[in-house]
Amino acid sequence: MDKEQRLKVAVQKSGRLTDHSLDLLVRCGLKYSRGKDQLLCYGENMPLDVLLVRDDDIPDLVHEDVCDLGIVGRNVLEEKRLALADRGRRADLEELRVLDFGSCRLAIAVPEQTAYDGADSLQGKRIATTYPFILGQFLRERGIEADIVTLSGAVEIAPRLGRADFICDLVATGSTLAANRLREVETVLNSQAVIVRTPQPLPQEKQSWLERMLLRIDGVQQVKESKYIMLHAPRTALNEIKRLLPGSESPTVIPLDGFGDKVAIHAVCRENVFWETLERLKAAGASAVLVLPVEKMLA
Ligand code: PRP
Ligand code: ZN
């Protein structure tokens with residue numbers, strides 16, 4: 001297949017999304033080898049290559065059709081959308097899927113001892129951020145006039161350096177804030193990883209690979225929590241047991257040879273099965289309960 005027929009996926013080079021993104025593609029069946037420069041992962045068993053780039057560059061690479069797909073935080077995407085809108089341009093970046101990783105929030109934080117009494121406390125303050133457009137919109141919507149100090153990194157030390165009063169930055173675990181004696185006071189945007197695609201139509205071959213990958217991604221996301229559960233129970237307990245099985249549609253009921261009114265029940269549960277559920281199943285009459293992980297699923 002010639003080069004133009006290979007899907008190009010932009011992924012964060014090193015950061016919170018990198019391992020999860022590559023892991024997702026591997027679970028979708030991709031086997032890749034890394035180029036010498038470490039910036040390209042060449043798909044060996046499918047026409048799909050991964051470009052490892054700075055996360056802030058991903059929206060542009062996809063928007064300008066250098067890459068067909070991108071895996072990027074909604075925070076980065078939203079900032080790009082607003083930046084383009086500010087220049088009177090529209091970002092045609094369709095979000096194809098929301099992924100189950102990379103969750104974090106863009107938040108305003110203040111030095112630990114600083115009093116904070118609602119959004120009005122932001123009035124007239126200097127707020128350091130690498131997200132001037134998202135922050136700008138947040139402030140405008142609340143009628144707050146503040147001074148946005150746009151930095152390219154190391155936002156968390158800005159108050160100590162006297163460059164700003166407050167900060168607006170990404171928070172995941174909160175350890176960066178804690179290490180810098182900052183206290184989170186407002187959530188500006190909740191974010192997680194999403195898949196975006198180029199606004200350009202894809203040639204048919206690429207489009208069909210894209211659709212296949214999306215189906216596999218759906219399957220991968222579904223099985224993460226899914227369990228296959230098998231148990232024995234008296235037929236009279238069937239309804240109660242069905243009710244207790246989390247997120248299962250129609251379980252298979254199999255008669256058990258030589259066991260009178262006992263049946264075997266097999267079900268795919270689309271949620272995790274906790275010990276409490278097993279205890280309730282047992283109390284409802286279930287025995288020989290087995291919970292198995294689901295390896296793959298194709299709806
Ligand atoms: C963000 C943010 C903080 C850190 C917060 O940077 O700027 O430094 O993560 O995470 P924590 O709450 O778990 O400590 P990120 O790693 O996303 O890098 P980038 O913004 O430069 O891409
Ligand atoms: Zn970044």
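The values are calculated or read from the model by the stated rules, or taken from the named source; none is laboratory data. Bear in mind that the values here come from a model prediction, so they are computed numbers and not experimental data. Neighbour counts run over all protein chains shown; Cβ positions are idealised from the backbone, glycine included. Accessible surface is based on the protein model in full, side chains and every heavy atom, while ligands, DNA and RNA are left aside. Shrake-Rupley method; radii C 1.70, N 1.55, O 1.52, S 1.80 Å.
Observations on the model:
- Among the numbered conditions (1) surrounded by fewer than 15 Cβ atoms within 10 Å (Cβ to Cβ); (2) not in a strand (DSSP E or B), the only one that Leu292 does not meet is (2).
- Filter pass, Arg97 being in the same structural domain as Cys67 (by TED's automatic domain parsing), in a strand (DSSP E or B) and out of contact with any Cys (no Cβ under 9 Å at 6 or more places or on another chain): yes
- Yes/no for Lys36 being more than 28 Å from Ala179 (Cα to Cα) and at pLDDT below 95: yes
Quick grid of which residues meet (1) of a type in the set (A, V, I, L, M, F, W, C); (2) surrounded by 17 or more Cβ atoms within 10 Å (Cβ to Cβ); (3) in contact with a helix residue (DSSP H, G or I) (Cβ under 7 Å, 6 or more places away or on another chain):
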| site | (1), (2), (3) |
| --- | --- |
| Glu186 | no, yes, yes |
| Gln207 | no, no, no |
| Lys224 | no, no, no |
| Leu245 | yes, yes, no |
| Pro251 | no, yes, yes |
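- Of everything in the stretch 96-112 that is under 29 Å from the mean Cα position of the chain (by Cα) and open to solvent by 60 Å² or more (accessible area, probe 1.4 Å), the residue that is farthest from Ser175 (Cα to Cα) is Arg97.
- Filtering the stretch 134-168 to residues that are within 16 Å of Tyr116 (Cβ to Cβ) and not in a helix (DSSP H, G or I) leaves Arg142, Ile144, Ala146, Pro159, Ala164, Asp165, Phe166, Ile167, Cys168.
- Residue match in the stretch 113-132 (condition: surrounded by fewer than 20 Cβ atoms within 10 Å (Cβ to Cβ) and within 16 Å of ligand 2 (Cβ to nearest atom)): yes
- Cβ-Cβ contacts under 8 Å between residues 6 or more apart (or on different chains), taken from a first residue in the stretch 7-32 that is within 13 Å of ligand 2 (Cβ to nearest atom) to a second residue that is among the aromatic types (Phe, Trp, Tyr), are listed as Leu17/Phe101.
- Residues that are within 16 Å of ligand 2 (Cβ to nearest atom), under 24 Å from the mean Cα position of the chain (by Cα) and open to solvent by 40 Å² or more (accessible area, probe 1.4 Å) within the stretch 133-151 comprise just one, Phe133.
- Answer residue from the stretch 216-249, given it is among the hydroxyl-bearing types (Ser, Thr, Tyr) and either in contact (Cβ under 8 Å) with a residue 24 or more places away in the chain or out of contact with any Cys (no Cβ under 7 Å at 6 or more places or on another chain) (or both) and is nearest to Val263 (Cα to Cα) among those: Thr236
- One residue stands out in the stretch 266-288 among those that are in a strand (DSSP E or B) and over 20 Å from Val223 (Cα atoms): the one that is most open to solvent (accessible area, probe 1.4 Å), namely Ala288.
- The single condition among (1) surrounded by fewer than 14 Cβ atoms within 10 Å (Cβ to Cβ); (2) within 16 Å of ligand 2 (Cβ to nearest atom); (3) β-branched (Val, Ile, Thr) that Val196 does not satisfy is (1).
- Selected residue (criterion: least open to solvent (accessible area, probe 1.4 Å)) from residues of the stretch 10-62 that are of a type in the set (Asp, Glu) and away from ligand 1 (no atom under 16 Å from the Cβ): Asp49
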